[in-house]
1. Before anything else, pin down the relative contact order of segment 112-233: Cα pairs under 8 Å, at least 6 apart, normalised by residue count, whole percent.
2. Rounded to the nearest 5, what is the percent of antiparallel bridges among the DSSP beta bridges in the chain?
3. Can you tell me the orientation of helix 9-22 relative to the chain, as the angle in degrees between its alpha-carbon axis and the longest Cα principal axis, to the nearest 10?
4. Say the dipole of segment 98-176 comes from +1 at the beta carbon of Lys and Arg and -1 at that of Asp and Glu; which of 101, 127, 153 then lies farthest toward its positive end?
5. Which is farthest toward the positive dipole end of segment 1-143 among 92, 46, 110, measuring Cα position about the Cα centre, with Cβ charges +1 (Lys, Arg) and -1 (Asp, Glu)?
6. Multiply the residue separation of residue 127 and residue 168 by 0.36 nm, subtract the distance between their alpha-carbon atoms, and state the gained length in nm to one decimal.
7. In units of 2.2 N^0.38 Å, what is the alpha-carbon radius of gyration of segment 141-271?
8. Cut-off 10 angstrom, C-alpha nodes, Gaussian network model of the chain. Which of 230, 63, 184 fluctuates the most?
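The values are calculated or read from the model by the stated rules, or taken from the named source; none is laboratory data. Remember, it's a predicted structure, so these values are computed and weren't measured experimentally. Positions of Cβ are generated from backbone atoms using ideal geometry, with glycine treated the same way; all protein chains shown enter the neighbour counts. We work out accessible area using only protein heavy atoms, side chains counted, and drop any ligands, DNA or RNA first. Shrake-Rupley method; radii C 1.70, N 1.55, O 1.52, S 1.80 Å.
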Amino acid sequence: MAGGTSVTKEPASDLFAARFNDAGFAVLAFDHRRFGESGGAPRQVVRVDEQVADWHAAIEYAATLSDVDPDRISVWGFSLAGGHIFHVAADHPRLACAIAQTPLVDGRAVAPHALRAMTPLAALRLFGRGVTDALGGLAGRPPLLVPTAGARGAVASLTTPDAMDGDQALDPDRRHTNWEQTVAARIALQIGRYRPGRHASRIRCPLLVVVCDQDRSTLPGPAVRAARNAPASTVVHLTGRHYAPFLESHEQAVAAEISFLKNHLLPRDPG
């Protein structure tokens, strides 16, 4: 299990991991490199190819654990990491199943909507910082960081109407004091080119895609369309915005995901 953009493993997975564990499943949660407790420098830099490689490494490590059946491994991610699930599942035919929750599957489709959620001045400033950050990275300078989420008018990676729901959804009690909610500004130049939904047709394991019908960050439409191209996909629609699976639709999300995991991970009764 892992979260999207700068969301580290505890706020990303704790709420769901506890429920999965109670249902009898072992959980391995991890931070992508350059974030949280994982190594890698410079910090707070999203490099999609590295993050996908981190998923492969996590799967391979889980398969070596003594209490894990390597033929009964699933993956779970949300938002940006939910998009990674499409790529990772396509590359790992041995996976028993996969869950993509409110996934970012088509940056090209989402980028125009994200731009409309910004004021013109904020968009210009964000892309200016993105260019400065990218060039600075080539010169070996430290990353130029921006908030991961912000209100409309802020210079932040995402300013959609539901972008600011993250704190309430992922850290309502302010327990995760080490969670740095920033990202290198160069992400603004990258995300529109990331289209992991194109891997859907190569996914051979059962795939559960959870979408929120009022999601204004990753949008439900691209995920539903990508899921149609996966040979063994199921789509669950929830009411609410991007973080609804952690908020008002949590019980419905948990019930759907645990049912899916039980169907595809637990041994079948020969009788």
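1. Numbers: 155 pairs, mean separation 29.9, N = 122.
Computed value for segment 112-233: 25 percent relative contact order.
2. On the way: 3 of 21 bridges.
That works out to approximately 15 percent antiparallel.
3. Helix 9-22 sits roughly 10 degrees off the main axis of the chain.
4. Comparing the listed Cα positions along the dipole, 127 ranks first.
5. Most positive-ward Cα: 110.
6. Numbers: separation 41, 0.36 × 41 = 14.76 nm, distance 2.77 nm.
Answer, rounded to one decimal: 12.0 nm.
7. Taking N as the residue count of segment 141-271, the ratio is 1.26.
8. Highest fluctuation of the listed residues: 63.
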